[in-house]
Amino acid sequence: MAALSGLSGLTAFVRRAPAGGSPHRNLVLDYADDLKLFRGPWRKLGLGLLIFLYLWAPGYFSNYVLGVLTICGVYAVGVIGLNLLTGYAGQVSLGHAFFFGAGGYAAAYLGAQRDWPMLLFLPAAALIGFVVGAVVGPFALRLRGNYLVIVTLGLVFLGEHIWKTWDSVTGGGSGTSLRGASVSIGGLDFRELEIAGSSYEKEQGMFWLVWAIVAIVALLAKNLVRSRAGRAMQAVRDRDLSAEVIGVNLARYKVGAFAWSSALAALSGALYGIVTNRLETGIFTLFLSITFVAMLIIGGVGTIFGSILGALLVSGGQQLIARNSSAFVFDPIIIASPGDSGFLSIGEFNNILFGLFIVVFLMFEPRGLAALWLRAKAWLLTWPFSY
């Protein structure tokens, strides 16, 4: 009690600074200030810059670049979900492709076949993922590590069978189209966007739609991990038995992590469907799950903005390499067209390249690109001192 009263006295002293003086802007005086997302002028400036880029990019970049950035945003939503499960709750999963496919086909069935509006079929796809994740989640109560990975891996193979045989929903081996699905909110049709008399192409409208959803999901996820539930998830990740001893309900938070992660994966799959206009059963394979894990590791485990960085690097890098496979850098390696002198296909080259990235980051920077940014920021804040 004496220590607390002394601390309150110090706070009062700081607040009653002498005339002409004031506390330093980095001095945190109460818990509410410490919880602010955009504390300080530099963070507010960064937020303003991001909003400017969001509004400016569609008018500057080509349709191809906008398409790449939009797909990166689609994957970013799924990686944020995987980060909640693996980075914050400590539950390893290779089943993300299953939930991604479930959300995509839910959007195809409800949006294209049943003509539901987008404001209904997107939440419905996320809800389906949430329910399925809640059903799978109890396995995490009795399994961990490699055993849990095997269970989630089984979901991918189960999903492959379902997608190929459930013709009425998935179209079987021929796939299904989402061109008939509504992509509008009120009077705004994001395929043919018109604002204040100005018309925009599909790539511009889909960029704005997808990255607005990324921003909302990132904000909700960030607030979740800063809350009591987020602290409980991190306690489960670090020492689940100790967390249970101090009163954390393991069933609630492990199952909850699976459910919310699956919901975001399904939402990501639904967005993928309306962006690409078509779903093929060959997409939702084990390789897609491994790609999600690669985005998570390279971007940064346990950081929300690292999920977005990982999606931009891995997904964007794969698409740019495929686009420029005939460039002189890749020409001796990649077989871009019949008769080329290369010895690897585009897919094989991407697998090897980003597989090496995973190994390098795990060995030298396990926290990914996010850790590099945090280290650089700490260096700038403390320069010229080393502490």
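Computed from the coordinates by the stated procedures, all read-outs in this text should not be read as laboratory data. What you see is a predicted model, and the numbers here were worked out from it, not measured in a lab. Please note: Cβ atoms are built from the backbone with ideal geometry, for glycine as well, and neighbour counts cover all protein chains shown.
Values as computed for the structure displayed
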{"quantity": "Where labels lie 7 Å past Cα in the beta-carbon direction, separation of LEU362 and PHE61 in nm", "calculated": "3.0 nm"}
{"quantity": "Largest-first principal axis extents of the Cα set of the stretch 189-317 (Å)", "calculated": "60, 37, 23"}
{"quantity": "Diffusion coefficient, µm² s⁻¹, Stokes-Einstein with Kirkwood Rh over alpha-carbon pairs of the stretch 122-269 at 20 °C and 1.002 mPa s", "calculated": "117 µm²/s"}
{"quantity": "Per-pair calculated FRET efficiency, R0 = 51 Å: ALA376 and VAL169 via Cβ, rounded to 0.05", "calculated": "0.60"}
{"quantity": "Kyte-Doolittle at least 0.0, axis length at least 18 Å by Cα - qualifying DSSP helices, the chain", "calculated": "2-15, 41-60, 63-82, 118-136, 146-165, 202-226, 250-276, 286-299, 304-323, 346-364, 368-382"}
{"quantity": "Volume per residue that the Cα convex hull of the stretch 100-184 spans, once the total is divided by residue count, Å³", "calculated": "92 Å³"}
{"quantity": "Packing-based ranking, highest mean first, of 148-154, 230-236 given that Cβ atoms within 10 Å are counted", "calculated": "230-236, 148-154"}
{"quantity": "Label zone at ARG323, where the point sits 7 Å out along the Cα-to-Cβ direction: the stretch 256-276 residues whose backbone N lies under 17 Å", "calculated": "276"}
{"quantity": "Sequence of TRP373, TRP379 once ranked by neighbouring C-beta atoms within 10 Å, starting from the fewest", "calculated": "TRP379, TRP373"}
{"quantity": "Fewest-first ranking of PHE305, PHE38, using other Cβ atoms within 10 Å as the exposure measure", "calculated": "PHE38, PHE305"}
{"quantity": "Viscosity 1.002 mPa s, 20 °C: Kirkwood-radius Stokes-Einstein D of the chain over Cα pairs, µm²/s", "calculated": "93 µm²/s"}
{"quantity": "Extension gain from LEU219 to SER177, taking 0.36 nm per residue of separation minus the Cα-Cα distance", "calculated": "12.0 nm"}
{"quantity": "Ranked THR285, THR176, criterion: other C-beta atoms within 10 Å, fewest first", "calculated": "THR285, THR176"}
{"quantity": "Other-chain or far-sequence residues with amide H under 5 Å of GLY175's (modelled H)", "calculated": "THR281"}
{"quantity": "Cross-link partners of LYS254 among lysines (Cα-Cα below 23 Å; sequence separation of 8 or more within a chain)", "calculated": "LYS222"}
